[in-house]
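Report on the structure given below.
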Amino acid sequence: MKRSTGSDFIYQLFALLLSVIVVHTIYVAIIRPNADAILQHQMERQAAGEAYVVQRSLYVVMRDYEQEACFVLMLWAMAIMGYKARQAMQERNMLDRSLLNISSGRSVLPDDAREFSRPIESLPTQQQGLLLPRVIATALQRFSTTRDVGDTSTAVKEICDNEGERLDSELAMVRYIAWAIPSIGFIGTVRGIGEALGQAHRAVEGDIAGVTVSLGVAFNSTFIALVISIVVMFFTHQLQLMQERQVLDTQNYCDDKLLRFLKAD
């Protein structure tokens, strides 16, 4: 579908803002208060000299700013991929419509191209911008002009190849997000280890609470980032597979429903 770059940018911008608002609200209202309460309770028991086994809490694992940033990016990537998946479904639904009613055994001559273009021209403007109507309209126009079946077939292939390249390039932002998420996790690791080293003198004196919390930041941020990255990459590959199949099915549709019926003078 032909879409303006501006509208895509506006959607991605609002999706990012909404992701920040939603994730930050959850962190402020739920995750950080619970995590702080758990950590405070553990430090009190440790200060009292009680023997206890520290239980890993999901709130504590998710509490830091690096994890919050990773969840923001994940939600943003999901919003972008959901938008593109919806567009791919619209393209898929177009394949189920009878845009070409060419009876078996009939030959389509260059002078017949105008007749078969009318169903495409009668579609709403938004649907005319979908891949299949564009390919059919271009193929019929090329056949009417050049009166050459081979040239028409080349036009169909070129449009489908260009569409595949365009769809692949539009996933660049999602791929960047998938790369940025583990990078943010590693930043948390460096920050946590740096804080732990800065409190090493307190650990020597017997107070290991601060060092423990800092090392928790280091390992938890990497853990959450890698898990989120795996999820985002899975859905990215699924979306890419859906788009590639859509382009191939469109080309096969044109081969089966149009090109094999064309006959030059």
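Here is how the numbers come out for the structure above:
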item	result
Charged-residue dipole, Cβ positions (Lys, Arg, Asp, Glu), the chain about Cα centre, Debye nearest 20	480
Förster radius 22 Å - calculated FRET efficiency between Ala264 and Gln126 (Cβ-Cβ, nearest 0.05)	0.05
Sequence-distant residues sharing a close amide H with Leu100 (under 5 Å, placed H)	none
Ranked by how many other beta carbons lie within 10 Å on average, peptides 115-125, 68-78, 168-178, 138-148 from highest	68-78, 138-148, 168-178, 115-125
Helical segments meeting 20 Å axial Cα length and Kyte-Doolittle 0.5 threshold in the chain (DSSP H)	5-26, 131-146, 172-198, 209-257
Amide proton proximity set for Val108, modelled H, under 5 Å, gap of 5+	Leu262, Lys263
Scattering curve values for segment 55-117, log₁₀ I(q)/I(0), Debye with Cα scatterers, q = 0.12, 0.19, 0.26 Å⁻¹	-0.60, -0.86, -1.06
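Where a number appears in this text, it was derived from the coordinates with a stated rule and is not lab data. Everything quoted here is computed from the prediction, not taken from an experiment. Note that each Cβ is placed from the backbone with ideal geometry, even for glycine, and that neighbours are counted across all protein chains shown.
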